[in-house]
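Structure record follows, encoded as C-alpha cells.
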Amino acid sequence: MNALHLLPGIILAPFAAALIMLFVPSTARNLIRGLALAAASCSLALAGLAMFLYDNSTKGLQFVEHIGWLKSYGISLDLGVDGLSLPLVLLTAIIFFAGVFVSWKLENRTKEFFVYTLLLVGGVFGVFMSTDLLVLFMFIEIAVIPKYVLILVWGSTRKDYAAMKYTLYLLSGSALAFVGLFAIYAYAQNPQLGLGYGTFALSDLGRINFDPQFQKWAFLVLLVGFGVLVPIFPLHRWTPDGHSAAPTTISMLLAGVIMKLGGYAIIRVGLGFFPEGAAYWAPVVAILATINVLYIAFVALVQKDMKFVVANSSISHMGFVLLGIASMNAVSVSGAAAQMFAHGIMAALFFALVGQVYDKAHTRMIADFGGLAKYMPRTSAAFLVVGLASLGLPGLFNFVPEFSVFVGGMQRFPVLTAVSIFSVVVTAIYVLWVYQRVFFGPANPRWEGLVDMKGVEVVPVVLLGGILLVLGIMPGGFMNIVSGGIAPIVQRLASVSTGGIF
Amino acid sequence: MITLAILLTIAPIAAYVLIVAFAQRWKALSAGIAIVATGGSLVISLYLLIAMIGNPTPVHDAMQWLRIPHIGGFRGLEIVAGVLVDPLSALMATIVSLVAFLVMVYSVGYMKGDEGFSRYFAYLSLFTFSMLGLVVSDNYFMTFVFWELVGLSSYLLIGFWRLKDAPAEASKKAFVTNRWGDFGFMVGIILLFLTFGTFDYTALAAMIPLYQHLGFLALIAVLVFTGPMGKSAQFPFHVWLPDAMEGPTPVSALIHAATMVAAGVYLVARAFVLFHAVPNVMELIAWIGGFTAIFAALIALVQKDIKRILAYSTLSQLGYMFLALGSGSMSAGMFHLTTHAFFKALLFLGAGSVIHALEQQDIFKMCGLAKKMPITTWTFVIGSLSLGGLFPLAGFWSKDEILLTALKNGQVALYWIGVITAFLTAFYMFRLIFTAFFGKEAEVHGEHAHHAHESPASMTAPLIVLAVLSVIGGLVGSPWWTQWFGGSFGTFIYFGEPEPAHIDLAVAIPATIVALLGIGLAWVIYGAKLIKHEWLAERLRPLHTLLEHKFYVDEFYAFVFKWVMLLLGRILDWIDHRVIDGAFDGLGSATRAGGGKLRLIQSGKLQSYALVIFGAVALVVILLSTNLIGGFVK
Amino acid sequence: MIGLAHYLVLAAILFCVGLLGAIAKKNAIAVFMGVELMLNSVNLNLVAFNRFLHPEFLGGQAFAIFVIVVAAAEVSVGLAIILALYRRKANTSVDDIDLLKW
C-alpha cells in the first residue's frame, strides 16, 4: 500500500504544475488552465484513493513517508495522514478541483493567478500531511502568503485594506504560534522534563507529559496564535473583509480550507500535546465559541452584501468547531473535525454560487435583486441546497457534525451549548431571508436575460452539492474514520484531572 | 413487514428523484409517477393497517447509521435508522398516504396549466416521503430528521408561487417559526439521549417510567413538546399556519390541515410515555391545546378569506387534539386526528374547488354557489357538519371522546372551553356556508360569481370519497362498531389501558345542542339576516378590531423581529466595525503615527549617528566592566 | 622598559583623537582621516597584544594586515564617494550630506 506513494503525489502535483506553468507563455491560457486542472484532478484522484484505501481497522498514521531534512535539528519532512487529517486533505483536493472550474473563465493574468493558487494549495496539503511541527508551520506560511497577492491583484471591494488586514492578522497569529513552537522544542530538549533531544516530530513530542503549568500558557499561546485562523472571537474581523475582497476561487479556498488550518492545528497540537492546558482554558474557549456562533449569526442578519452574509456565516459555523474542541470528548471533537470538512464543502459551494451571481450581475447587494429564480433556476436551486446545509437541515452533511458537537457539548457545557443551538434559528432567518430577497418575489426586470449557469460552471456545484447530500444520507463510514482519527487525542484528554479556569 | 414499511417510504422519494431527474418536461408523466408511487404507498399502508388490526404486536427493526464510540466518562453517540410498525404508525401511514393520494388526484385538475406542474408533483412526493418517514421512524433522532424534511417540503410548497411576494414571505415565516420549536425539540432529544443513552422509542418506553428526577424529566418533556407546538402551530407558534395558506390549496389540504400539522399530535402520541410520566407537563399540554382551540376559533369568527377561516379552524381543532392528549387520552387525540384529517381535507379541497372556479377567496364576494357547484357545496356542508360535531358524523364521535376525557379526568374548565369552542366552530363554519354558498347573488357586485361552474371529475371524485369518510369514518370509535366487530378505535390505539368506546349522553347531548345553537345563530345573522352582521360588528367594535388583528400577535412578533433581533444585529455589527475593527485599526494607526514621530530622529547626519553608536558602546563597556573595577556601590 | 601598557595607552589616545576627528570635524576628508586613525590604533592594539601575550602565534599580526588591506579598500571607495559628492555640491562638508534623512 505504501509503495504507491500517494501523499507525495498529492502534494507535488500543485507544486510541479506551478513550476511548469512558469515556463508556459502567459498567453497560452488554455494550456495553463489545463495544467491547473490536471494538477487538481491528480490531487483529487490520489486523495480519493487514499480515503478509499485508508485502513480504518488499524487506524493511526498511514501512508507514512520519511523524507528527512534537517535531521540534526530534529526537523524532517515526513508525511503521513490519519483519520483527522485525511478528510481535510480530501477536502482541500475537492475544493481545489472545484475552484479550478470556478476560475475557468478568468482572463486577467491567468498564469500568475494559477501559479499563486497552486502554491497556496500545495501549502495547505503540506499542513495536513506533515508529521513535523516545524514543517507544518512552514506550510501554513506557504499557504497564507500567496493569498495576499491573490486578494490584492484579483480582488474587489476595498481589496487593499482587506489584503493588508488579512496578512497582518494571520502573521501576528503565526508569530505568536511560533513562540509556542519553540517553547515546545526547548521543552523537548530538556533532559529532565522532556526527551533530552530537540525534535519537532509530532510522534516524539506526543510522548512527553508536559508540566501542567507549562501547558497552561503554551496552550493559550497556541490557541491565540492558531485561533486567528479559525477565527476565534474577537480576532475574527479579517474574515468578512478578506472573504468579500477575494476573488471567488480564493474565497472558496479561504473559507473552505485556510480557516480549517487553525482548527486542525489546535486539535493536533493544542489538544494533542496539552490536554491539561486545554482543560484549563476550555471554559474560555467555550464562551468565545458561543459568542462566535450567536453573535456573528446576528451580525450576518443585517448584512447588505451577499458575500458578507456568507463570510459571517462561516465565522458562525466555525464556532461549532471551537465548541467541539472546548467540550473535549469523543463525540464533540469528532463533530468538530467533521464540521471542518462539512463547513469547508458548504462554504466553498456558497461562495461559488455567490460568485456565479456576481459574475453575471456585477453586484452582490441583496437589495438589487429579486425574483432571480425566474432567470437562474439552477443557481437558485443550488443556492437553496447550500442554504439548507448551512442552517443544518438533516439530509445534508452539515447537520451530522453539528448534532455531534451539540451532543458532545451538552455533556460539558449544557447552557452554552443550548445557547449555541439557538443559532439554528437565527441562521434559518438570515439564510432564508437572503434567499427570499434575492431569488423570490417579483422578478426584477433589470436582470432580464441573465444567463443561468451552464457547462463548466455546473461542475463544482454538482460535485460539492453531491458530497453534502451523499454524506448527509450516509455519514457512518466518514464519521468512523474521523472518530478513529481523534481517538488517541481524546484518550489523553479523558485522563485529565485539571478543572477549568472558572 | 419491515421491508414493506421501508418500501412504503421509499416509493414517494423514488418518484421525486424520477421526476426531478427525467420526467420534468412531461407534465402528465410527472403526475403519473407521483400518483402511482403514492398509490403504492397507500396499498402497502392499508395492508399494514389490516395486519396490525389482526395482530397488534409492534414490529421493529433497525440498522446502525452513525456511531462514535465513547472514550472516558462521556457518552458516545449511537444513532440507528429503524422502522417501527405498530397500530399507531400503521394508522398514521394510512391517513397520510390516503390523503396524499386523493390530493394528488385532485391536483391534476387544480394545477392544470401551471408552469410548475412537474415541480409541484415532485414537491408533493418529497413531502409524502418525509411524512411517511416520520411516521415509521423508530426513534427520536430519525423522527427529528424527517420532521425537518417535512418542514422543508412545507417551505417549498408554501412558497410554490415563489415569484410573488406573499408566498415567499409566508414560506420563510413557516420555516422560521417551526425552527423556534425545533430548537427546543433538538435540545430536548439531546438531553433525553444523554440521560438514557438511546433515542429509541421502545427502549425509552421501558426506561422513562423508572426515572426518578421528575423535575429534569419535566424540562426534557417541555423542550420536546416545543417541537409539536411549532409543527402543529399551537399558541404562541400559531402565526405561520394562516399565512401558509398562500400555497396552492391542495397543499393546504394535505400539509396544513390533514397531515403535517398533525405530526405534532402524532409525536406527542408516539412519545406519550415521556409526557405521561410528568403530570405537570400533561397539564401544560392540555391548557396550551385548550387555549389555542378557543383562541383560534375566536379569530376565525371575523375572517373573510375562505382559506383563512379554515386555517384558524385547523388551529382550533389541533388545539382540541392536544387538549385530549394532555387530559390523558392518547386514543381520543389520535381519533380526532383521524376524523379531522378526513373532514378538514374535504373542506380545504372544497374551498380549492371554489377558488378554482372563482379565483376569489373572499367569502363576501361569493354567493349562490349551491346552484352552480352542487357537488362542491354539499360535500362542503357535510364536512362542516362533521367538523361541527353533529351526530352521527365522524366529528361527533371524536369530539365527544375528547370532551368526555376532559370531564373524566377532572378538567372541568377545559371541558367548558371545549364546549364553547364547539359552539364557535359551528357558528363560523355556517357563517361561511350561508354567506358563500347560499347567499343571494344580487348583493354581490363581483363578476366572478356569474361564470362559476362545477369542477372536473378529477377534483370532485376526491371530494366525494372524503365526504363519505367524513360521514362514516367516526363509526370506528362508536359503541356500534364494538357491537358489530368486537373492538373499536380505543382498543386498537391506546396508551396504558384499552379505552372501549362508549357514549355518555350527558356529554353528547349538550355538545350537540351547542353545535346546533351555533348553526342556528349563523343562520339568524348570515342566512336569514335577521341581524345585520355589520351592525353587530359596529356594536362590538373593540372586540371586532382585536379579532380582525388576530390579537395583534403577528404585529407583536414583527415588532420583536424588527426592534429586538434586527436591532441587536445592527448593534453587534456596529461593535464589529467600530469597536473591534476600531481597536485593531487603531493599533495600526498607532504604529504608523509612532513611526511618523520616530523617523524625525533620523537626521541624516552621519556624525550624530556615530556619536550615538560610540556612546552606546562606551556605556555597554562601562556596565560590563563594573565587576572588574569593583562594581557599583553596594 | 616599555611594556604592554604603554602601547595600549598610545593606542587609546590615538583612538580618541580619531574618534573626535570622526564625529566633530566638518570636512569629510578630515572625518576620513579620523576613521583611519581609529583603525590604526586598533592595529597597534592587535600587534601589541600579539607580541606581549602570545609571541608564538601570528594571529594578531595577520589581522593587522587584514585591517590595513580593508582600510586601503575602504579609502579608495570612500575617497571616490567624497569626490563624487564634491563634484555635485562643490564642497565636502558632512553637514550637507544628509541624503539619508527621512
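Nothing in this text is a laboratory measurement; each read-out follows from the coordinates by a stated rule. Just so you know, these numbers come straight off a predicted model, no measurement behind them. Positions of Cβ are backbone-derived with ideal geometry, glycine not excepted, and every protein chain shown enters the neighbour counts.
Could you work out, residue by residue across A:413-425, how many beta carbons of other chains sit within 10 Å of that residue's beta carbon, and then give the average as an integer?
That average works out to 3.
Return one number: the angle in degrees, 0 to 90 and rounded to the nearest 10, between the long axis of the Cα atoms of helix B:117-136 and the longest principal axis of the Cα atoms of chain B. Here the helix axis deviates by roughly 90 degrees. Projecting the Cα atoms of B:131, A:388, B:184 onto the dipole axis of the protein assembly as shown, where Lys and Arg carry +1 and Asp and Glu carry -1 at the beta carbon, places A:388 farthest toward the positive end. Let me know the shape class of region B:38-176, please: from the alpha-carbon gyration tensor, a ≥ b ≥ c as square roots of the eigenvalues, rounded when a/c is under 1.5, otherwise prolate if a/b is greater than b/c, or oblate. The shape class here is oblate. The magnitude of the dipole of the protein assembly as shown, with charges of +1 and -1 set on the Cβ of Lys/Arg and Asp/Glu and taken from the Cα centre, is near 2480 debye. Exposed loop sites are taken as GluC sites (Glu not before Pro) in a DSSP loop (any state but H, G, I, E or B) with at most 16 other beta carbon atoms within 10 Å; the longest stretch of chain A without one runs A:108-447. Compared with the dominant principal axis of the Cα atoms in chain B, helix B:306-326 is inclined by about 80°.
Computed over the alpha-carbon pairs of chain A, the distance histogram in 10 Å steps reads 4, 21, 32, 27, 12, 3, 0, 0 percent, short to long.
The 3J(HN,Hα) values that the Karplus relation (6.51, -1.76, 1.60; θ = phi - 60°) gives for region A:9-15 are, in residue order, x, 4, 7, 6, 3, x, 5 Hz. Gly and Pro appear as x. Which one of C:17, A:149, B:280 is farthest out on the positive end of the charge dipole of the protein assembly as shown, using unit charges on Cβ (Lys, Arg +1; Asp, Glu -1) and the Cα centre as origin? Farthest towards the positive end: C:17. Extension gain for residue B:497 to residue B:203 (0.36 nm times residue separation, less C-alpha to C-alpha distance): 103.9 nm. Considering chain B at the alpha-carbon level, its Rg and Dmax are found to be 31.9, 124 Å. One quarter of the surface of the convex hull around the alpha-carbon atoms of region C:57-100 equals 3.9 nm², the direction-averaged projected area. In a shell of Cβ-Cβ distance under 13 Å around residue A:340, excluding residue A:340 itself, what net charge do Lys and Arg (+1) and Asp and Glu (-1) give? Neighbourhood net charge equals +1. The overall shape of region A:11-57, judged from the alpha-carbon gyration tensor, is prolate: a/c is not under 1.5, and a/b is greater than b/c. Placing unit charges on the Cβ atoms only, positive for Lys and Arg and negative for Asp and Glu, gives region A:2-493 a dipole magnitude near 800 debye about its Cα centre.
Below 8 Å, C-alpha to C-alpha, sequence gap of six or more: please give me the relative contact order for region A:2-493 in percent.
16
The listed peptides B:452-461, B:525-534, B:231-240, ordered by packing as a protection proxy, come out as B:231-240, B:452-461, B:525-534 (highest mean of other Cβ atoms within 10 Å first).
Orientation-averaged projection of region A:154-256 equals 7.6 nm² [convex hull of Cα atoms, one quarter of hull surface area]. Legend: residue pairs B:597/C:26; B:399/B:440; B:27/B:307; B:112/B:164; A:260/B:231, Cα-Cα distance threshold 25 Å; pairs beyond threshold, B:597/C:26; B:399/B:440; B:27/B:307; A:260/B:231.
Here each label is just a point 7 Å from Cα along the line to Cβ, and for residue B:546 and residue A:105 those points are 6.0 nm apart.
For residue B:391, neighbours were defined as the other residues whose beta-carbon sits under 14 Å from its Cβ, and their charges (Lys and Arg +1, Asp and Glu -1) total -2. Scalar couplings 3J(HN,Hα) for region A:26-34, obtained by applying the Karplus form with A = 6.51, B = -1.76, C = 1.60 to θ = phi - 60°, are 5, 7, 7, 5, 5, 5, 5, 4, x Hz; x denotes Gly and Pro. Take the Cβ atoms of residue B:580 and residue A:381, set R0 to 30 Å, and the FRET efficiency comes out at 0.25.
Legend: mean number of C-beta atoms from other chains within 10 angstrom of residue C-beta atoms, peptide B:598-606, equals 4.
If you plug the beta carbon distance of residue C:74 and residue A:69 into 1/(1 + (r/R0)^6) with R0 = 35 Å, you get a FRET efficiency near 0.30. For region A:332-457, the Stokes-Einstein estimate of translational diffusion at 4 °C and a viscosity of 1.567 mPa s comes to 82 µm²/s, using the Kirkwood hydrodynamic radius over alpha-carbon pairs.
The tail of the calculated P(r) for region A:85-224, taken as Cα-Cα distances beyond 26 Å, holds 38 percent of the pairs.
Note on residue B:617 and residue A:22: the model spin-label points, each 7 Å out from Cα along the C-beta direction, lie 4.2 nm apart. Look at the dipole of chain C built from charges on Cβ: of C:99, C:45, C:34, the Cα furthest out on the positive end belongs to C:99. Rounded to the nearest 10 degrees, the inclination of helix B:279-300 to the longest alpha-carbon principal axis of chain B is 70 degrees. For the peptides A:177-183, A:11-17, B:75-81, B:88-94, residues were scored by their other Cβ atoms within 10 Å and the scores averaged per peptide; the highest-first order is B:88-94, A:11-17, B:75-81, A:177-183.
Checking the a/c ratio against 1.5 first, then a/b against b/c, what shape does the Cα gyration tensor give for region A:66-119? The shape class here is oblate.
From the C-alpha gyration tensor of region A:1-91, pull out the three semi-axes of the equivalent ellipsoid (sqrt of 5λ each), sorted largest to smallest, in whole Å.
Working: eigenvalues 161, 68, 16 Å².
Over the Cα atoms of region A:1-91, the ellipsoid semi-axes are 28, 18, 9 Å.
Computed from the Kirkwood radius of its Cα pairs, the Stokes-Einstein diffusion coefficient for the protein assembly as shown at 4 °C and 1.567 mPa s stands at 38 µm²/s.
For region B:445-588, build the convex hull from the C-alpha positions and give me its volume per residue in Å³. Mind dumping the intermediate values first?
Values: hull volume 56.2 nm³, N = 144.
So the per-residue hull volume is 390 Å³.
Taking the Cα centre of chain C as origin and assigning +1 to Lys and Arg Cβ atoms and -1 to Asp and Glu Cβ atoms, the resulting dipole is close to 280 debye.
Neighbours of residue A:236, meaning other residues whose beta-carbon lies under 14 angstrom from its beta-carbon, give a summed charge of -2 when Lys and Arg score +1 and Asp and Glu score -1.
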